[in-house]
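Written out below as structure tokens is the structure these notes cover.
None of the figures in this text is laboratory data; all of them are computed from the coordinates on show. These numbers come from a predicted model, not from an experiment. A quick note on method: Cβ atoms are made from the backbone with ideal geometry, for glycine too, and the neighbour counts reach across all protein chains shown.
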Amino acid sequence: MTERTAIDLLIEGGTVITMDADRCIYDLGYVVIRDGKIAAVGAGASGLAAVDRFDATGMVILPGLVNAHNHLDQCVYRSCFDGPQPDESLSFWHMALGLTRERAQAAASLSLLDLAHYGVTTTQESHFTHYHSDSTDGVCDAILDSGMRAVVGRGFSDGPQLPEPYREWSSDVIDDLNRLEKAYDSQYITICSEPSVSIRCTPEAITAMYDWTVDRGKRWHMHLGHHSLELADAMEMWGMGTVQYAESLGVLGPELVAVHCTRSGLLDQEIGLLGEYQVNVAHCPSLVMRAGSVPPPIWELEKLGARVVIGVDGSNSNNGQNIWEAMKWAVYLQRSVTGDRYLGSAEQALEMTTIKAAQALGMGHRVGSLEPGKEADVALFRRDQFHLVPDAMLVSNLVYSGISTRADTVLVGGKAILRGGRSTVFDENEVVARVREAQASMIEEAGYRGKIGLSAVWPVVTS
């Protein structure tokens, strides 16, 4: 590259963690962006002129983080169903009847805003409540507004154990997948299929979703090995575990992103199957802890041939969107379960939320690392945040001390969606107000006023 080459943006002066094949770190380095793509990455000063220059002195420059599993709309239920309830009539499913397109958009906007503040530029989305037929559209609208990228799983359940209106028919789902794909598939959104939980879906529906995805060269998603109760149900229904059942249907393979796969929800022999079929496993550590489950043996799975990546899950399961928290717990949970205080590393955790997560979602050729030709999705973090100082071991600090880490600037396709710690695409106060109103309305419509309040167990006194 010469000085005569047109450069849109030159990011220079920071520590560049590339996540390329060699995992090179340039200290200090630069990233050159042209036409929304990364044109060059290197060490030292570039010596190049640019239309715009970003001085990244005192910052760490990362590829935009990739979140492997989420339910973006679920922030509207945040903490409403967290733990034992004094009133057993409270139901997430019932409250979800009020998730209109507008409310889904409001809720997803807040989740996306939160993710962006943590440096996430690409997320998976699992949307499985369709009591309003256009609620998925609301989520997709929010994604487009956010400027971020997402793989949107159009989830559903058609099992005979589900009552109306929770049950859908696979033929209707296929029609809706085709509609959503035509409306939203782009460089920012990829629509994919998702039979949400195997025990809630008929075998015909699962294979139909598999066929729809494979015919298009996409990934598909399904919750497997969620917890011990799911395993017990699977054994009663089929006499086998959920992974074994997927194998029996001929749908186990590298096209699948299997969500959770906790040790509590798997039979011993299913660990080997996930490796043998090179399945992508989306591990959500906060959900594992909240559910009282045992985490999957992530590095054993890796050695056997599976690819394990990290997701934050939805705010109904996790209460937050902090991917740095998920990285830390992913490592620490493995050490707690095995008793090996040195098992795993910060570097492995960061791989699972960058290049490996991108590969699991079928986007490794586009995002997940800072390399020429890839999308200019970049996250910049100030190194002088108190919890990151001193920073001689920067990668370890980011993962193990980074629960409070917020991005300074985030680019998607070379365009800033966050600058100086504030969104450039959302009015943050408006997003907060809209999701508060959505939650209040849904609580009222579900008949839960007075049942969901400031505390689930303590008395609340008002003036």
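Could you work out the relative contact order of the stretch 51-111, using alpha carbon pairs under 8 angstrom and six or more residues apart, expressed as a whole percent? Display every interim value, and only then the final one.
Details: 21 pairs, mean separation 30.0, N = 61.
Reported as a whole number, the value is 49 percent.
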(request) Treating the angle as unsigned and between 0 and 90°, give the value, to the nearest 10°, between the Cα long axis of helix 135-146 and the longest Cα principal axis of the chain. (result) 10
(message) Give the lysines whose C-alpha is closer than 26 Å to that of Lys374, dropping any in the same chain fewer than 8 places away, or say none.
(response) Lys37, Lys182, Lys218, Lys356, Lys415
(request) Between Glu164 and Ala440, with labels modelled 7 Å along Cα→Cβ, what's the label distance in nm to one decimal, could you check? (result) 3.5
(message) Taking θ = phi - 60°, what integer Hz values does the Karplus form 6.51 cos²θ - 1.76 cosθ + 1.60 yield along the stretch 15-20, in sequence order, with x for Gly and Pro?
(response) 8, 9, 9, 7, 6, 6
(message) Restricted to Cα positions, what overall size does the stretch 1-71 have along the principal axes? Three whole-Å values, descending.
(response) 44, 25, 23
(request) Could I have the simple spin-label model distance between Ser336 and Glu371, label points 7 Å from Cα toward Cβ, reported in nm to one decimal? (result) 3.5
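Tell me, what is the percent relative contact order of the stretch 1-156, built from C-alpha pairs under 8 Å that lie six or more residues apart?
Values: 283 pairs, mean separation 31.8, N = 156.
In percent, rounded to a whole number, it is 20.
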(message) Around Tyr277, under 13 Å between beta carbons, what's the net of Lys plus Arg minus Asp minus Glu among the other residues?
(response) -3
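For the pair Val214 and Glu102, what calculated FRET efficiency results from E = 1/(1 + (r/R0)^6), where r is the Cβ-Cβ distance and R0 = 30 Å, to the nearest 0.05? Each step should come with its number before you reach the end.
Details: r = 34 Å, r/R0 = 1.14.
After rounding, the FRET efficiency stands at 0.30.
Are there any trypsin sites (Lys or Arg not before Pro) in the stretch 396-463 that are in a DSSP loop and have at most 15 other Cβ atoms within 10 Å? List them by number.
Details: sites: Arg406, Lys415, Arg419, Arg422, Arg434, Arg436, Arg449, Lys451; in loops: Arg406, Lys451.
Filter output for the stretch 396-463: Lys451.
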(message) Just to confirm the number: angle between the C-alpha axis of helix 101-117 and the first principal axis of the chain, 0 to 90 degrees, nearest 10?
(response) 40
(message) Please list 3J(HN,Hα) in residue order for the stretch 335-343, calculated via the Karplus relation 6.51 cos²θ - 1.76 cosθ + 1.60 where θ = phi - 60°; whole Hz, with x for glycine and proline.
(response) 5, 5, 6, 8, x, 9, 6, 10, 5
(request) May I ask you to evaluate 6.51 cos²θ - 1.76 cosθ + 1.60, the Karplus curve with θ = phi - 60°, for each residue of the stretch 176-190 and list the ³J(HN,Hα) values in order in whole Hz, giving x for glycine and proline? (result) 6, 4, 4, 5, 5, 4, 5, 7, 10, 4, 6, 5, 9, 10, 10
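What does the charge count near Gly29 come to, summing +1 for each Lys or Arg and -1 for each Asp or Glu among other residues with Cβ under 15 Å from its Cβ? Kindly include the intermediate steps, with their values, before the conclusion.
Values: positive: Arg23, Arg53, Arg383; negative: Glu12, Asp20, Asp22, Asp27, Asp55, Glu371.
In short, -3.
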(request) Please work out how much length the chain gains when fully extended from Asp427 to Gln278, using 0.36 nm per residue of separation minus the C-alpha to C-alpha distance, in nm with one decimal. (result) 49.4 nm
(request) Give the long-range amide H neighbours of Arg53: residues separated by 5 or more places, or on another chain, with amide H under 5 Å away, using H modelled in the peptide plane at 1.01 Å from N. (result) Leu10
(message) Using Stokes-Einstein with the Kirkwood hydrodynamic radius over Cα pairs, what translational diffusion coefficient do you get for the stretch 130-207 at 25 °C and a viscosity of 0.890 mPa s, in µm²/s rounded to a whole number?
(response) 187
(message) Quick query: amide H of Phe128 versus all other amide H atoms, modeled in the peptide plane; which residues come in under 5 Å with a sequence gap of 5 or more or a different chain?
(response) Gly155
(request) Quick one: which residues, 5+ away or cross-chain, put their amide H under 5 Å from the amide H of Val152? H built at 1.01 Å from N. (result) Glu125, Thr190, Ile191, Cys192
(message) Here are a few candidate values for Rg/Rh (Cα atoms, Kirkwood Rh): (i) 1.06; (ii) 0.97; (iii) 1.11. Which one was actually calculated from the structure I just gave you?
(response) (ii)
(request) Give the cross-link partners of Lys451 among the aspartates and glutamates, using a straight C-alpha distance below 15 Å as the criterion and excluding same-chain residues fewer than 8 apart. (result) Asp82, Asp87, Glu88
(request) Can you give me the three principal axis dimensions of the stretch 1-131 from its C-alpha atoms, in Å, biggest first? (result) 67, 27, 25
(request) Kindly provide the helix-only [θ] at 222 nm of the chain, computed as the sum of -39,500 (n - 2.57) over DSSP H runs of four or more divided by all residues, to the nearest 500 deg cm²/dmol? (result) -10000 deg cm²/dmol
